[in-house]
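Novice: The structure under discussion is supplied below as structure tokens; questions concerning it will follow.
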Amino acid sequence: MRFIAPLFALVSLALCALAANYIATRTVAHIETTTQARITTALRAAGEDWAKVDTDGSIVRLSGEAQDEGRRFRAREIALQLVSARRIVDEVTIAPKVDTDVPEFTLEILRNLNEVSLIGLVPTDNGRGPVMSALDALGSSDVTDMLDEAQYDVPDGWGDSLDFGLQLLAELDRTKISITPGRVIVSAVALSDAERRDLSAKLNGLRPESVELALNISAPRPVITPFELTYRLEDGTGELAPCVALTEEGRNRILRTAAGEGTLAPPACRVGLGAPTPLWPQAVGLGISAVKSLGGGSITFRDTDVVLDGPLGADPDEFAQVTEDLRAALPPLFSLSATLPEPEDSTNPGGRVSVPTFVAELTPERTVILRGSIQDSMSQKAVETYAASLFGFGQVEDRTRVIADMPAGWPGRVLSGIEALSLLNSGQLIVTPGNVSVSGRSASESIDEEMSDVLRLRLGADARFTTSVVFDPALVVEEAQPDQTDCGLLIEEILNVRQITFAPSSDEIDAESQQVIDEIAAVLRLCPGAPFEVAGHTDSQGGELSNQALSQRRADAVLDALLEREVPTSSMTAKGYGEAVPIADNGTEEGRQINRRIEFTLIEDDPEGDADGGDAADTDVTGGTDPAAEADAAEADGAEADGADGSDDGGDGSETDAGDADADTAAAEDSDATTDDTQTESN
């Protein structure tokens, strides 16, 4: 009996385990079925019935092929609304994109005698092969093949078009042929209209019925030089003589503008090549409109030079405003000058009224043209010199004439107007006995106030003057000045292109380096007062002391050359470092040539160094390291032994024997020695 109780307990436990396993299995199956059903129902409701849902315990597997990434993401988001992300295994794949679009086949053939270029996309089965065979038959030796191929069915009409296009290629030495299915476009040039007609008839005769042919055969227009047009308006009647245009469309546009609402004499307007710009019709139209606004006068376009002549008796202020408006409206390529004739004396027909006029025109390139009346040759010279001081020597074109009878104070009025004109970027000055008129464009928003202050100061508070200046923001960028670091970088770029070179063993700057000095001087004028160190360097040929002395003289020579060019040098220093700071291997001729150089170093203040009582820190903006630091290090290492053979820039050499070497060594040890006995010319 004692064995029955344990046996009963064991059987009971087994039955309980079986019951628990059954219940658990049923529960898991219920959860899987329920979860799968809920997610599947949600996906179908959202239209994503392509997605398949499988459950494995708490894990939910999404599978199927989505049309694109967006639909895959949407199916996953729907599942995430019902179960947590850690339970989802995404096994969805994206259907590969099937390219159902047939490419647009096209072939362009450009032929210039034996030179042929091929561009386009052609079928693999009927493309490059026939073309190359045709070119071989023509004997084309220079073929540029830029064709792409695509493996698609050959479209209808492609074969006929290709055969016809290759047939035309054999007929034309210089042509462009564009081939598409069912259509061929031919561009060619004939020597005359008659040849153009004959060629068109011949090519049309070769055309098969299944292919459309478009011909663009042109005969060259005559070359017209100079390209000149003049429009005159007198008593309400306009005249165009001569008249030229680049195209028929441009010719018609010019004629419409000239006719307007007035009367236009029958023009003979030629069409030909030679226009300086395709904007010729627009520019001519602006000029014609300017003449009409004045009520008379003429305007002449000769290539890019434009001359506006005002009518007799026109108001100078109005003429100045029209001129400035026209100058601003013309395309940048054109250069405008304007003249206003003196009015005739009504009591003396054919004579002139003694009403003097002085005109100065300032171009955007800062060239000033002086016209009009000056009372004597001394005043004429003074006006020209004063203008040159403001605009630069070589920038003044003096076309004034001397007339004895002039109003009192006339030179002062002219000089005051020129000073006011110098404040502009471009413009015009007109001086008459009753008025000083200045018009133009400027980069300063306060230009009117600045000009008024100048004119009041020079002419007097009661003087009559008018200003008409347009503020142009685009000019502000052009006038932006570089800072000192920018100037250093600009000088570095100049020296990277061409170094400053000297005569062998001399501090005389070579003639070809004078332009380099000019360019550096122009940069330094943009940064007045910038503290630069002009550093001279040599190679290692020759004695150390003599190299240092030579480099110092060369640095001084550069500083003197800048001073001769009116560059302020009070904030600049010159220092020679000799051979102490090489930037290349002195063992090669190329390296020695690189080491023979001039550097500009921007000296910048170091606030921490100043506070500690130290010197200002030097920043080398033209090539890297601090020359002074490296020179000090080199001096600490001691002077190198002299006496090496050298060759100069011009190819002459200096030999140094043992006796000379000993003399150099002794000189280097002598504290009073400043030069070596031997100076090689390679430096």
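Computed from the coordinates by the stated procedures, all read-outs in this text should not be read as laboratory data. Here the structure is a predicted model, which means the values were calculated and not measured. As a convention, Cβ positions derive from the backbone with ideal geometry for all residues, glycine included, and neighbour counts pool all protein chains shown.
Novice: As an exercise, use a Förster radius of 41 Å and the Cβ-Cβ distance of ASP305 and GLU512 to find the FRET efficiency, rounded to the nearest 0.05.
Specialist: The value I calculate is 0.75.
Novice: List the chymotrypsin sites (Phe, Trp or Tyr not before Pro) within segment 361-467 that DSSP assigns to loop and that have no more than 14 neighbouring Cβ atoms inside 10 Å.
Specialist: On the way: sites: TYR386, PHE391, PHE393, PHE465; in loops: PHE393.
Sites meeting the loop and neighbour criteria: PHE393.
Novice: Taking the Cα centre of segment 29-98 as origin, work out the dipole magnitude from +1 charges on Lys and Arg Cβ and -1 charges on Asp and Glu Cβ, in debye rounded to 20.
Specialist: 140 debye
Novice: To continue, here is another question. Counting other Cβ atoms within 10 Å, which trypsin sites (Lys or Arg not before Pro) in segment 78-169 have at most 10 and lie in a DSSP loop?
Specialist: Sites meeting the loop and neighbour criteria: LYS97.
Novice: With point charges of +1 on the Cβ of Lys and Arg and -1 on the Cβ of Asp and Glu, referenced to the Cα centre of segment 106-218, which listed residue (VAL189, PRO208, SER178) lies farthest in the positive direction of the dipole?
Specialist: It is VAL189.
Novice: Read phi for every residue in segment 178-185 and hand back ³J(HN,Hα) as whole Hz from Karplus 6.51 cos²θ - 1.76 cosθ + 1.60, θ = phi - 60°, with x for Gly and Pro.
Specialist: Karplus values, whole Hz, x for Gly and Pro: 10, 10, 10, x, x, 8, 10, 10.
Novice: If you don't mind, there's one more thing I want to ask. Tell me whether segment 106-218 comes out rounded, prolate or oblate; compute the Cα gyration tensor, take square roots of the eigenvalues as a ≥ b ≥ c, and use a/c under 1.5 as the rounded threshold.
Specialist: Verdict is oblate for segment 106-218.
Novice: Which of the three applies to segment 248-309, rounded, prolate or oblate, going by the alpha-carbon gyration tensor with a ≥ b ≥ c and a/c under 1.5 meaning rounded?
Specialist: oblate
Novice: Would you please give the residues with an amide H less than 5 Å from that of GLY64, counting only those at least 5 places away or on a separate chain, with H modeled from the backbone geometry?
Specialist: LYS52, THR93
Novice: Give the residue list of GluC sites (Glu not before Pro) in segment 432-511 that are DSSP loop and have at most 16 other beta-carbon atoms within 10 angstrom.
Specialist: Sites meeting the loop and neighbour criteria: GLU445, GLU479, GLU508.
Novice: Further question on the same structure: Would you grab the residues whose amide H sits under 5 Å from the one on PHE465? Only those 5+ places off in sequence or on another chain, please, with H modelled 1.01 Å from N.
Specialist: For PHE465, the qualifying residues are VAL436.
Novice: Need one word for segment 366-450: rounded, prolate or oblate. Basis is the Cα gyration tensor (sqrt eigenvalues a ≥ b ≥ c); a/c below 1.5 gives rounded, then a/b vs b/c decides.
Specialist: oblate
Novice: Under the Karplus relation 6.51 cos²θ - 1.76 cosθ + 1.60, θ = phi - 60°, what is the ordered set of whole-Hz ³J(HN,Hα) values for segment 198-213, x standing for Gly and Pro?
Specialist: Each residue of segment 198-213 in turn: 5, 5, 4, 5, 5, 5, 5, x, 8, 6, x, 5, 7, 10, 8, 10 Hz.
Novice: Applying 1/(1 + (r/R0)^6) with R0 = 51 Å to the Cβ-Cβ distance of ASP462 and SER293, what FRET efficiency is obtained, to the nearest 0.05?
Specialist: Using R0 = 51 Å, I get an efficiency of 0.95.
Novice: Quick one: putting +1 on the C-beta of Lys and Arg, -1 on the C-beta of Asp and Glu, what dipole do you get for segment 106-218 around its Cα centre, in Debye to the nearest 20? Please report the intermediate quantities before stating the final value.
Specialist: On the way: 9 positive and 19 negative charges, 85 e Å.
Charge dipole of segment 106-218: 400 debye, to the nearest 20.
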